[in-house]
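The values are calculated or read from the model by the stated rules, or taken from the named source; none is laboratory data. Since this is a predicted model, take the numbers as computed values, not measurements. Backbone-built Cβ (ideal geometry, glycine too); neighbour counts: all protein chains shown.
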């Protein structure tokens, strides 16, 4: 059992190890061209398949947001009622992470294919709804599918990536969420231009359904992770499905006993970082309109420029953490973000706001991009899909009310602001509320990251699948009981 004293001792040791220099030079190369050249053709196919899955996952989630006005008109309801569909899909993501995560730890390929097809079907069913209740039910079940993509996509890439490239590849994969923003905006603009007055909100949902089906097809032609294909000999000895399921669940229960503390930490770590991201980003368009009185065109330009900075930060962050360490990279990025926070809020022109926002969000997303590799390295190797995927989705769900709270507080208070003509106006207090909330949350992230654990460059791709008997539920190297230990460079013997 964990005691207060043991927690304090471990936290103190974690802080002292924060500046530990990693001596394995293989893990600290920062040349992206050289690192990417290490990937084989199959590695690239796996990465691109996972990238497409994650991007489409975020794209389909955004379809409700970009069509909320039209959907509200169709169902003769309010935008708030339609927005509740986003909340419902967020809440059920944890269920999907558990279901598809458990399946993914028995093999990555098939669960990811089924997951994508499920999303495609739910997108089509959403278009067939004739009332608001049916629409909300479909979005609730859609959230289950959305929750399963992240874990299996990330772990598919980590299974194949050389140790030197794991930071870079997961960082690039994280940028799929930012790319989805551009994809959604592009599809929305193209549909509006093509359909004109005949605009139908269902069309973008059909586009999402097609994208999901294509993602499933792409994954079908990419081979399974080698950790599972190499277990054919063991699979022949374990033909009884009931025995394999029983073995898996036994190992799963043992893993929970040993690693529940890590799961809680990972979920809170993700929750704090996502809360800070929601605090500074979700209500920013409203802040630009209400607080800075920018027109729609200026707001769009600012958001696109800021999103570009976020994309760059996502691509670079986890790669940099190969050199600095996961926690130190997050801490440095957050400190830079705090320094740049005034430039995100105080300027009055869209040019200055765009410049400040570009660098602020770039630094923030640098920290965010470390999430996937950090929580994956903390997870038991044979249960990475379910543990990393569920902790991420649970943390993201815990952060979902932040934007609502900030919006409620900001709209309840006013501050005085002088415009360019010198006239004083009362405006809603979005600026101060966003700034204070972001600063507080980032301070908590700094503290929580500093005292937390880290397993930089752990050999997480060396494991025995949990359906084949003994497996990694702790930190000891294990091998099947009826097999001789492999050599040090074996494929599945290092925990």
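Data table
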| item | result |
| --- | --- |
| Residue check for residue 203: touching a residue at least 40 places away in the same chain (Cβ under 8 Å), farther than 30 Å from residue 324 by Cβ and assigned to a helix (DSSP H, G or I) | no |
| Matching entry among 117, 136 (being at pLDDT 95 or above, assigned to a helix (DSSP H, G or I) and surrounded by fewer than 24 Cβ atoms within 10 Å (Cβ to Cβ)) | 117 |
| Condition check for residue 125: crowded, with 21+ Cβ neighbours inside 10 Å and part of a helix (DSSP H, G or I) | no |
| Considering residues of the range 427-467 that are over 22 Å from the mean Cα position of the chain (by Cα) and part of a loop (DSSP other than H, G, I, E, B) only, the residue surrounded by the most Cβ atoms within 10 Å (Cβ to Cβ) | 466 |
| Unmet requirement for residue 317, which otherwise passes all of (1) crowded, with 20+ Cβ neighbours inside 10 Å; (2) outside any helix (DSSP H, G or I) | (2) |
| Residue count for the range 340-373, restricted to those that are touching a helix residue (DSSP H, G or I) at 6+ places or on another chain (Cβ under 6 Å) and in a loop (DSSP other than H, G, I, E, B) | 3 |
| Condition met for residue 306 (within 30 Å of residue 416 (Cβ to Cβ) and buried (at least 17 other Cβ atoms within 10 Å of the Cβ)) | yes |
| Index of the failed condition, residue 26 passing every other in (1) at pLDDT 70 or above; (2) over 25 Å from the mean Cα position of the chain (by Cα) | (1) |
| First in the range 4-16 and touching a residue at least 12 places away in the same chain (Cβ under 8 Å), second anywhere and part of a helix (DSSP H, G or I), Cβ under 7 Å, 6 or more apart | 11/451; 14/451; 15/450; 15/451 |
| Residue identified as more than 23 Å from residue 182 (Cα to Cα) and at pLDDT below 85 among 39, 88 | 88 |
| Total residues in the range 48-76, condition in a helix (DSSP H, G or I) and more than 21 Å from the chain's Cα centre (by Cα) | 8 |
| Residues within the range 77-91 that are part of a helix (DSSP H, G or I), over 15 Å from residue 60 (Cβ atoms) and in contact with a helix residue (DSSP H, G or I) (Cβ under 8 Å, 6 or more places away or on another chain), tallied | 6 |
| Filter result for residue 267 (within 19 Å of residue 369 (Cα to Cα), modelled with pLDDT of 85 or more and in a helix (DSSP H, G or I)) | yes |
